[in-house]
Amino acid sequence: MKDERIDLVPGTLDMLVLRALVPGALHGYAIARRLQQQSADVLRVEEGSLYPALHRMERRGSVRSKWGVSEANRRAKYYALTAKGRRQLRERVATWRRMTTAIEAVLEPTPECRA
Amino acid sequence: MTGLLERFGLFVRAPDMRPRAAIEADIREELAAHVALRAQDNEAAGMSPEEALRDAELRFGDTRRVAAACREIQMKERIVLQRINVILIVVLIAGTAANLWAGAGARADLNRDLAGLRVDVAALAGEVRATRAPAPPRPLTANDGFLLLEETRRVYVLGQVSAPGAVVWRKGLTLSMALAECGGLAKHAGAERISVVHEGGGIDVHDLRILQIGTQGLADRYADRAGKADPTTMEDPLLRPGDRIIVPESFL
């Protein structure tokens, strides 16, 4: 079976992780699962790469972590958004939307332009 | 402190200062939990335990590389902080050494000053002893408080008065007062030509016969009537310190 999934656009992992944390605190595996489910399995994220990203964001104050017990009764580290993380997410999403709109516009010129 | 650091963007959180082994154990446990949870889900989806674990590890990627990356992130700021610590300690030691060195110099100075002070105190004590010894009685001199009297300003009355001499000057002393203090005019005094010689130079001649001892208002009345100062009256002139009053003999 050929892997049809695509790699993430560089620099978007942080934004997706922050977005995954909006409903509430999650541990790393739950974040990975949510990204996979919500992208309908299209995005290929090497799950291990989540952790350096999470730790970096924690040091920058975008998220904070706390050890807790998972649904399967296992010790796991939970990450939650901070106010700073929420602000960063808003900014990044706005930038991302502007960029994709612009790229879209270039790829699909309006009819009068095509003429 | 952490808040302040955060404000300046130096550190977001105080770096984890636990032993390195504890940090590494935390990272390992976190990563292992991920793989275990994935494997558990895989098994629930129908994979065999071995297959479930293999798939979980494959999806995770190189655990050792991820762990190393996490460790570096956790330790980086700590290393920076430790370097700052080392620098601060070096500065502190240097400062303390400089202080001690300066302190030794200051102590030497202080000892020198103290020695000087002891000599001074000894000299002073000797002086005090000398002062306390009963002084032999000695005759009074001009320096013993009579200086004030010596310097008192006076006016001098000469000529045809009953008792010529010096009169102690004070504010408001007039010619007639000075003459009265000298016993008044002598029998043959020329009251019409009394000279007052001022100390700084200048002579005024007064006619005592037309002396009008009274208020300024009275003099003004005379002045008004004549349209000018009445030449037939004379204000009692005020004397100045050092004036010499010369009362001549009458021509009559």
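Couple of notes before you dig in:
- Considering chain A at the alpha-carbon level, its Rg and Dmax are found to be 17.0, 63 Å.
- If you sort B:Val197, B:Val128, A:Val17 by accessible surface, 1.4 Å probe, largest first, the order is B:Val128, B:Val197, A:Val17.
- Solvent-accessible area of B:Arg54 with every protein chain in place, 1.4 Å probe, in Å² to the nearest 10: 150 Å²
- Solvent accessible area, Å² - A:Thr95, 1.4 Å probe, full protein context: 80 Å²
- Other residues whose C-beta falls under 9 angstrom from the C-beta of A:Asp14 contribute a net charge of +2, scoring Lys and Arg +1 and Asp and Glu -1.
- Peptide A:100-108, shielding by other chains (average Cβ, 10 Å cutoff): 0
- Given charges at beta-carbon only (K, R positive; D, E negative), |dipole| of chain A in Debye: 780 debye
- With all protein chains in place and ligands, DNA and RNA left out, the 1.4 Å accessible area ranks A:Trp96, B:Trp101 as B:Trp101, A:Trp96, largest first.
- Accessible area ranking (1.4 Å probe, heavy atoms, ligands and nucleic acids excluded), largest first, for B:Arg240, B:Arg129, A:Arg86, A:Arg44: B:Arg129, B:Arg240, A:Arg86, A:Arg44.
- Here the label points at B:Val128 and A:Glu46, each 7 Å from Cα along the C-beta direction, are separated by 9.0 nm in the simple model.
- Label point distance in nm, B:Ala106-A:Ala83, each placed 7 Å from Cα along Cα→Cβ: 4.6 nm
The values are calculated or read from the model by the stated rules, or taken from the named source; none is laboratory data. As the structure is a computational prediction, the values presented were derived from the model and not from experiment. So basically every Cβ, Gly included, is an ideal-geometry build from the backbone, and we count neighbours across all protein chains shown. With ligands, DNA and RNA removed, areas are computed over all heavy atoms of the protein, side chains included. Shrake-Rupley method; radii C 1.70, N 1.55, O 1.52, S 1.80 Å.
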